[in-house]
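Read the structure below first, then the notes.
Each reported figure results from applying straightforward, stated rules to the coordinates on display, with no laboratory input. Here the structure is a predicted model, which means the values were calculated and not measured. Here the Cβ is made from the backbone with ideal geometry for all residues, glycine too, and neighbour counts use every protein chain on show.
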Amino acid sequence: MSSSFCPLRSQFPEEPTSAEYANAVAVLYGLSYGVKMSKKGAVQPEGYFDFVVPPLEGLWHNADGDVITDITDKDNFCWTSMIRQPDFVKPEVFENIKTAAAKKKPELDFSLALLQKFAEGLCAQILHIGPYDDEPKSTAILERFIEESGYAADFLKSRRHHEIYLSDPRKTAAEKLKTIIRYPIAKEKTL
């Protein structure tokens, strides 16, 4: 099953602390809160229902398109950041909200924002609690679980290391950050 997301991608490898990443996150939240507040507009989108803005999500890979194996090499990270959108957000609704958001926040670049379907497929996940730099401890546990369950990680160009950020790093101490780490998997082939 696929869901609608608003994704923004890095154009080049860069640290997730870059200005481009900060712009992407601000654009994603600006659009998502624009959708949420569309109930107060002159024309409410058909099928509108009140909702909580979902968490920020990130798909990560290195500059070659491969899975990230060295989490300390942040200069080589490429990302797709995204926030899930409710089903009532159709392309016309999205474009109207995008236009309104660009007028409200002209300092942000909304030009690359789009509405896309995303179907992840079969995955395994783990809740990581702590700093992002400590994620290898959690991914090692996740990898062991995947293998012991008869599966293998299935990273492809369309299936990436996926993180869902349950905490806001601007308001949460690093040791208390909560991040769901999700790996795409496939059944291990037996010989």
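See the values below:
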item	result
Full-stretch length increase - Arg144, Ser158 - with 0.36 nm per residue and alpha-carbon distance subtracted	2.7 nm
Two-site label geometry, Gln125 and Phe51: point separation in nm, points 7 Å out along Cα→Cβ	1.5
Ellipticity estimate at 222 nm from DSSP helix runs (n ≥ 4, -39,500 (n - 2.57)) divided over the chain, nearest 500	-8000 deg cm²/dmol
Relative contact order (%) - criterion: Cα under 8 Å, at least six apart; region: segment 122-191	48
5 angstrom amide H check on Leu177, placed H, neighbours 5+ away	Gly130
Zone of Glu95's modelled label, taken as backbone nitrogen in segment 116-135 under 16 Å from a point 7 Å along Cα→Cβ	116
Least to most buried among Glu95, Glu20, Glu107, Glu175 (fewest other Cβ within 10 Å first)	Glu107, Glu175, Glu95, Glu20
Spin-label model distance (nm) - Tyr33 vs Lys104, 7 Å beyond Cα toward Cβ	0.8
Computed label-point distance, nm, for sites Asn62 and Leu112 using a 7 Å Cα→Cβ extension	2.2
Equivalent ellipsoid semi-axes - Cα gyration tensor, the chain, angstrom	31, 19, 16
Estimated translational D of segment 122-191 in µm²/s (Stokes, Kirkwood radius over Cα pairs; 4 °C; 1.567 mPa s)	101
Backbone HN-Hα couplings from phi across segment 81-90 [Karplus 6.51/-1.76/1.60, Hz, Gly and Pro as x]	9, 7, 10, 5, 10, x, 4, 6, 7, 9
Whole-number percent relative contact order across segment 1-119, with pairs defined as alpha carbons under 8 Å at least 6 apart	46
